[in-house]
Amino acid sequence: MKTQIKLDRAVGKLAQSIVRNAFGDLIGCPKGAEIIAGQYGRSLPACLRASEVLAWRRGKPRKRVVYIATAEVLRLTAEVAASSKATRAADAAAALRADAAAAGVTVAVHRRALRVQAAADAVAAIAADAARAADDLRQWTDAVREITARRAYPWSEGTALTLVIDKLRSREGVARAWFSGEFDGGREAFVCCVLGAADRHQNTNYEELLSAGMGRDDARDLRERY
């Protein structure tokens, strides 16, 4: 607690010494302080005051966020973080002892039981994911079988299913819309969209369309990837 108070005071003192221009941008670093930026700066706690500065790049101003800190602020910040981590560890140990006492077993036995339960939960989660994946594949297989039976696509059922699965794995185009919930239709509509676009892409002769009098833009739209 005392360390946190010291840190708050150090941060407040540092904030008062920051030099800014009329626009609020940092124009000077206080004596004894340093600008901390990059990955390390982003990981610092919120108690360190962020300041925007103008970074000129190829003649265009671009704002970026930097952190101003002193050695004292960084030291106190590390102490507060370490103290907080130690407090959480102590609380977790106390909770473990209380749970073991409530169960009428030793801490070691209770900890071993928790590990066994965690392993069982992990196995159950893996099995549940596998079951969901198998059910999803079955539904896509049924949808592809239904569409290929009604429409004359130039592929076997297995190849058509591969086209649909590959599209889903890409998560691009209509697949992105499917996973985001923006696709207008169910599985069969999705299968029709994928197979129809693949058919146009693979089996349409662009040059023949142009020679037949179709406009270049229309021919390109017909041939574009799904």
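Taken together, the values in this text are just the output of simple stated rules run on the coordinates, not laboratory data. Only a predicted model underlies this, so the values are computations on that prediction, with no experimental measurement involved. Positions of Cβ are generated from backbone atoms using ideal geometry, with glycine treated the same way; all protein chains shown enter the neighbour counts.
Below are the figures for this structure:
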item: Footprinting exposure proxy for LYS31, LYS85, LYS6 (fewest neighbouring C-beta atoms within 10 Å first); result: LYS31, LYS85, LYS6
item: Peptides ranked, highest mean first, by Cβ atoms within 10 Å: ranges 86-95, 73-82; result: 73-82, 86-95
item: Residues whose placed amide H lies under 5 Å from that of VAL105, excluding near-sequence neighbours; result: none
